[in-house]
Amino acid sequence: MKVTLLQTDIHWAQPEQNIRDAARLLASSEDSDLYVLPEMWSTGFAKEPEGIAAEEADNPALQWMRDEAARRKCAICGSLAVRLADGSYRNRHYFVDGRSNTISYYDKHHLFTYGHEDRYYTPGQEHAIVSFAGFRLLLLTCYDLRFPCWSRYATGREYDAIVIVANWPESRQSAWQLLTRARAIENQCYVIGVNRVGDDHHSHYAGASVVVDAYGKTVVQCRRHQAQTLSVDLDLAELQRRRQKFRVLEDRD
């Protein structure tokens, strides 16, 4: 499976501009099976979503993802701040599959209480594992990365890669570097982590979007402080070979 990281600089509460920027990056990238955008890629981290989060049923960013995925016969994922028909807000990580014309999603479970995300958003209670291009992909969002029990490979929750989208500030960059590798090592999986660059009212973001293999080795990593795309081929057969040779998952708690 070929994956392209779309490390974007997000303009605060300007979805039209962010869609144009994402489209430009997408057009300049290699043809891939899966394209991954950051957390809340169309607005920035809108911890107070009223007036910023779009209605889910009429969300131009989600429609753009659907149109591009269908046109390219690929999958595109990333999270959006959305308001549901019941009036609740969700930080919803969408996985749009243009090959099967389906949309899956994961609602962020661990809301960022330090930034008061929990005051406005409703947490998700279900895991989401998506099957695509032969891979089983666990969807996570930003703060979820800090919680190993939630992301643990388990019976009935088997997967081959974690896809985590983030607005992870530079002030905690060392944690991003360490935890993406920890989740990969302990679950013997690939980790695809896409972070933003640029600034908002609260933080500066350095990017360093990354793909890590099951041994915790960096496969590719984006440059810091720069919007860019980076593509890589993930080898499922090699991952399975490593799991068979070094059977860590069989000894899990």
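Listed values, structure above:
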read-out: Members of region 108-147 found to be free of Cβ contacts under 8 Å to residues at least 24 places away in the same chain and under 29 Å from Met1 (Cα atoms), listed by number; value: Gln125, Glu126, Ser131
read-out: Count of residues meeting criterion [closer than 17 Å to Gln228 by Cα and either open to solvent by 10 Å² or more (accessible area, probe 1.4 Å) or small (Gly, Ala, Ser) (or both)] in region 32-43; value: 2
read-out: Top-ranked residue of region 216-239 - restricted to ones that are without any contact (Cβ under 8 Å) to a residue 40 or more places away in the chain and not basic (Lys, Arg), ranked as least open to solvent (accessible area, probe 1.4 Å); value: Gly216
read-out: Any hit, region 70-78, residues being farther than 20 Å from Glu16 by Cα, out of contact with any Lys or Arg (no Cβ under 6 Å at 6 or more places or on another chain), of a type in the set (A, V, I, L, M) and buried (at least 20 other Cβ atoms within 10 Å of the Cβ); value: yes
read-out: Cross-chain or 6+ apart pairs with Cβ under 6 Å, region 87-106 first and in a strand (DSSP E or B), then among the charged types (D, E, K, R); value: Tyr89/Arg83; Arg90/Asp107; Asn91/Lys108; Arg92/Asp107; Val96/Arg66; Tyr105/Arg92
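Results for (1) more than 29 Å from Asp233 (Cβ to Cβ); (2) in contact with a Phe, Trp or Tyr (Cβ under 9 Å, 6 or more places away or on another chain); (3) surrounded by 17 or more Cβ atoms within 10 Å (Cβ to Cβ), shown as yes or no for each residue.
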| position | (1), (2), (3) |
| --- | --- |
| Lys108 | no, yes, yes |
| Tyr120 | yes, yes, yes |
| Ser131 | no, no, no |
| Arg183 | no, no, yes |
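The values are calculated or read from the model by the stated rules, or taken from the named source; none is laboratory data. Note that the coordinates shown come from a computational prediction; the quantities given were computed from them, not determined experimentally. Backbone-built Cβ (ideal geometry, glycine too); neighbour counts: all protein chains shown. For the accessible areas, the whole protein counts, side chains as well, though only heavy atoms, and no ligand, DNA or RNA atoms are used. Shrake-Rupley method; radii C 1.70, N 1.55, O 1.52, S 1.80 Å.
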